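Remarks on the structure that follows.
The values are calculated or read from the model by the stated rules, or taken from the named source; none is laboratory data. On a predicted model such as this, the values are computed, not experimentally measured, just so you know. Here the Cβ is made from the backbone with ideal geometry for all residues, glycine too, and neighbour counts use every protein chain on show. Heavy atoms of the whole protein, side chains included, go into the accessibility calculation; ligands, DNA and RNA do not. Shrake-Rupley method; radii C 1.70, N 1.55, O 1.52, S 1.80 Å.
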Amino acid sequence: MPCAYRGKNGQAHKFDWQDCRPWIEQNIVDSGALEETAIDDMDWHQARTVSARERAKRDRIETAALERRYVEAAALSGVVEDLARQAVLALRALPARIAPRLAALDDELAIGQALDEEIRTLCTEIERGALRILEEEPDLDMLQPSGDPA
């Protein structure tokens with residue numbers, strides 16, 4: 001892209017709109033032309049290239065899903081909702097669980113230590129529950145792309 005002034009380290013380049021406009025029209029606008037053209041307007045080699053690229057993208061996504069790098073957002077959303085619900089229930093049960101122990105204490109420092117210990121224990125339980133769910137073997141039907149039959 002033509003620029004009027006090249007900035008040094010940490011400085012931005014300055015661009016002249018009149019010089020940049022033809023470059024933008026040529027490079028940015030024309031790059032979307034292939035995507036907008038219909039398959040019927042392409043020659044055989046162009047259509048084959050587009051098909052091969054799309055197939056490669058789909059294969060990369062499927063491979064990543066099988067390697068457990070990608071999962072479906074709907075399935076992940078359900079797992080996250082379950083984890084959040086369990087965490088909320090554990091947090092809401094905390095006062096009833098710790099109240100008898102705190103009632104017996106009269107030292108401010110001991111109460112603070114008991115609360116800290118209980119909160120740390122609860123956080124560890126929530127983390128273990130999350131790790132247990134995430135380490136479970138994935139459902140392979142969930143990992144199939146939604147448009148393709150298994």
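For the reader, a short list of remarks on this structure follows.
- Members of segment 46-60 that are open to solvent by 50 Å² or more (accessible area, probe 1.4 Å) and at pLDDT below 85: Q46
- Selection within segment 98-118: residues that are open to solvent by 80 Å² or more (accessible area, probe 1.4 Å) and in a helix (DSSP H, G or I). The member of this set that is nearest to L76 (Cα to Cα) is E117.
- Scanning segment 61-81 for residues that are open to solvent by less than 70 Å² (accessible area, probe 1.4 Å) and not aliphatic (A, V, I, L, M) turns up E62, T63, E72, S77, G78.
- The condition (being over 18 Å from E136 (Cβ atoms), among the basic types (K, R) and in contact (Cβ under 8 Å) with a residue 40 or more places away in the chain) is satisfied by just one residue among R97, R101, R58: R58.
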